[in-house]
1. Can you find, among Met34, Ser54, Val122, the residue sitting farthest towards the positive end of the charge dipole of the chain, where Lys and Arg contribute +1 and Asp and Glu -1 at Cβ?
2. Place a +1 charge on the Cβ of each Lys and Arg in the chain and a -1 charge on the Cβ of each Asp and Glu, then give the dipole magnitude about the Cα centre in debye, rounded to the nearest 20.
3. What whole-number distance in Å separates the alpha-carbon centres of the stretch 1-52 and the stretch 104-124?
4. By what distance, in whole Å, do the Cα atoms of the chain stretch along each of the three principal axes, largest value first?
5. In debye to the nearest 20, how big a dipole does the stretch 10-70 give about its Cα centre with +1 on each Lys and Arg Cβ and -1 on each Asp and Glu Cβ?
Amino acid sequence: QVQLVESGGGLVQAGGSLRLSCAASGRTFSSYTMAWFRQAPGKERDFVAAIVWSGRSTRYADSVKGRFTISRDNGKNTVYLQMNSLKPDATAVYYCAAAQSGTTAQLPTAYNNWGRGTQVTVSG
């Protein structure tokens, strides 16, 4: 198992940018597919982006494509989510997730390791 801790959330105005980080520890990080999900109050947990262990394959939700970028630094055991052109509907708790998989899965059930989340608030 791997432990995940998110950071970098905060308050930003619409149109602004924010970068989230997810630090991993406890097990081999490089073998994991990593992903970001988000959950707004009263809403389901939605897929945002995923990246395979090598970083050579990524997947994005249509709602963030072209504005968000997921990346990873296996040497630092860290995954990032660069968020640009933020909109108020991006307001949510953002969760980092990990799975021992070679695919960029979009379903939360595919991931068995989760961080506690970091709050992102976009003001309009």
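Since every read-out is calculated from the coordinates, none of them should be taken as a lab result. Because the structure is predicted, anything quoted here is derived from the model rather than measured. When we count neighbours, we look across all protein chains shown, and the Cβ atoms used for this are built from the backbone with ideal geometry, even at glycine.
1. Among Met34, Ser54, Val122, the one farthest towards the positive end of the dipole of the chain is Ser54.
2. Details: 13 positive and 6 negative charges, 33 e Å.
So the dipole magnitude of the chain works out to roughly 160 debye.
3. One Cα centre to the other: 5 Å.
4. 40, 27, 23
5. I would put it at about 100 debye.
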